[in-house]
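Some notes on the structure that comes next.
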Amino acid sequence: MMILVTGGSKSGKSKTAEDIICNSDQKRIYIATMQPYGDEGQKAIKRHREMRKEKGFETIEQYTDIENADIPEESAVLLECIGNLCANEIFSNGISDPTEKIMRGIKYLQNRSSLLVVVTSEVSSDGIEYSESTMKYMKILCEINRRIALQSDEVIETVFGRIISHKDFLMGSK
């Protein structure tokens, strides 16, 4: 099973994803994709580690190349987050469009795990024009998010800590 959790900054995505994984009986794996840049990055990583401290996660730092993550079979995997992974592949690895590579990695994680929860960010709804490289990144991230959503069994959006389910509506079951 694959669940996509999306939402804006500080909307409750991480807590929602962790809660889903913690309701599973499988080994809990947290794949962290955020590279620790600057004070803000360090603070965010520290905050997330504190949130997970008592939840029994094994953390794997995997900033790029998620298809190489050593995941125990049939585990419950939380991948956080696609926005960081996409940026890392583009700006650190120099891949101009990592869509196919990331989708292969998602398929790999999906095949290895019994439950895969993927966290991503909503980045394109503000209507602001950014630099050319940022707009390219946002376009690629939106395509990756769209493709993951289509493959997911459930799509959840967090808004101010509230959970909104979208996949059931897309599939016509509600």
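Here's the yes/no breakdown for (1) in contact with a helix residue (DSSP H, G or I) (Cβ under 6 Å, 6 or more places away or on another chain); (2) surrounded by fewer than 22 Cβ atoms within 10 Å (Cβ to Cβ); (3) outside any helix (DSSP H, G or I); (4) at pLDDT 95 or above:
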residue: Lys46; (1), (2), (3), (4): no, yes, no, no
residue: Glu50; (1), (2), (3), (4): no, yes, no, no
residue: Lys55; (1), (2), (3), (4): yes, yes, yes, no
residue: Ile60; (1), (2), (3), (4): no, yes, yes, no
residue: Ala76; (1), (2), (3), (4): yes, no, yes, yes
residue: Leu79; (1), (2), (3), (4): no, no, yes, yes
residue: Glu89; (1), (2), (3), (4): no, no, no, yes
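Any idea which of (1) modelled with pLDDT of 95 or more; (2) closer than 21 Å to Asn23 by Cα; (3) among the acidic types (Asp, Glu) is the one Asp168 doesn't satisfy?
In the conditions (1) modelled with pLDDT of 95 or more; (2) closer than 21 Å to Asn23 by Cα; (3) among the acidic types (Asp, Glu), Asp168 misses (1) alone.
Is at least one residue of the stretch 113-120 touching a residue at least 12 places away in the same chain (Cβ under 8 Å), crowded, with 19+ Cβ neighbours inside 10 Å, over 14 Å from Thr6 (Cα atoms) and more than 13 Å from the chain's Cα centre (by Cα)?
yes
Yes or no, residue by residue, for (1) in contact with a Cys (Cβ under 8 Å, 6 or more places away or on another chain); (2) modelled with pLDDT of 95 or more:
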{"residue": "Gly94", "(1), (2)": "no, no"}
{"residue": "Met103", "(1), (2)": "no, yes"}
{"residue": "Glu122", "(1), (2)": "no, no"}
{"residue": "Ser125", "(1), (2)": "no, no"}
{"residue": "Ser133", "(1), (2)": "no, no"}
{"residue": "Leu141", "(1), (2)": "yes, yes"}
{"residue": "Arg147", "(1), (2)": "no, yes"}
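Give the residue that is farthest from Arg147 (Cα to Cα), with candidates limited to residues of the stretch 91-112 that are of a type in the set (A, V, I, L, M, F, W, C) and over 16 Å from the mean Cα position of the chain (by Cα).
Residues of the stretch 91-112 that are of a type in the set (A, V, I, L, M, F, W, C), as a first pass: 91, 95, 102-103, 106, 109.
Right, trim to over 16 Å from the mean Cα position of the chain (by Cα) and you get 91, 95.
Working: Phe91: 21, Ile95: 19 Å.
Filtering the stretch 91-112 for residues that are of a type in the set (A, V, I, L, M, F, W, C) and over 16 Å from the mean Cα position of the chain (by Cα), the one farthest from Arg147 (Cα to Cα) comes out as Phe91.
Would it be correct to say that Glu40 is of a type in the set (D, E, K, R), part of a helix (DSSP H, G or I) and touching a residue at least 40 places away in the same chain (Cβ under 8 Å)? Break it down into steps so the answer makes sense when it comes.
Numbers: of a type in the set (D, E, K, R): yes; part of a helix (DSSP H, G or I): yes; touching a residue at least 40 places away in the same chain (Cβ under 8 Å): no.
No, not satisfied.
What are the pairs, 6+ residues apart or on separate chains, where a residue within the stretch 1-26 that is over 23 Å from Val123 (Cα atoms) and at pLDDT 95 or above has its Cβ under 9 Å from a residue that is of a type in the set (S, T, N, Q) and crowded, with 22+ Cβ neighbours inside 10 Å?
From residues that are over 23 Å from Val123 (Cα atoms) and at pLDDT 95 or above, the pairs are Met1/Ser113; Met1/Ser152; Gln26/Ser113.
I'd like to know if the stretch 4-26 contains one or more residues that are touching a Leu at 6+ places or on another chain (Cβ under 8 Å), surrounded by 20 or more Cβ atoms within 10 Å (Cβ to Cβ) and not in a helix (DSSP H, G or I). If you could, list the steps in order and put the result at the bottom.
In the first step, residues of the stretch 4-26 are kept if they are touching a Leu at 6+ places or on another chain (Cβ under 8 Å); the result is 17-18, 20-21, 24, 26.
Next cut, surrounded by 20 or more Cβ atoms within 10 Å (Cβ to Cβ) only: 17-18, 21.
Among the residues that remain, those that are also not in a helix (DSSP H, G or I) are: none.
Looking for residues that are touching a Leu at 6+ places or on another chain (Cβ under 8 Å), surrounded by 20 or more Cβ atoms within 10 Å (Cβ to Cβ) and not in a helix (DSSP H, G or I), one finds none in the stretch 4-26, hence no.
With the structure loaded, tell me whether Glu129 is acidic (Asp, Glu) and either surrounded by 15 or more Cβ atoms within 10 Å (Cβ to Cβ) or at pLDDT below 95 (or both) or whether it fails that test.
Details: acidic (Asp, Glu): yes; either surrounded by 15 or more Cβ atoms within 10 Å (Cβ to Cβ) or at pLDDT below 95 (or both): yes.
Here the answer is yes, as Glu129 does meet what is asked.
With the structure loaded, tell me whether Ile31 is under 28 Å from Ser125 (Cβ atoms), touching a strand residue (DSSP E or B) at 6+ places or on another chain (Cβ under 8 Å) and hydrophobic (A, V, I, L, M, F, W, C) or whether it fails that test. Before the answer, list the steps.
Numbers: under 28 Å from Ser125 (Cβ atoms): yes; touching a strand residue (DSSP E or B) at 6+ places or on another chain (Cβ under 8 Å): yes; hydrophobic (A, V, I, L, M, F, W, C): yes.
The answer is yes for Ile31.
The values are calculated or read from the model by the stated rules, or taken from the named source; none is laboratory data. Computed from a predicted structure; not experimentally measured. Cβ atoms come from the backbone with ideal geometry, glycine included; neighbour counts cover every protein chain shown.
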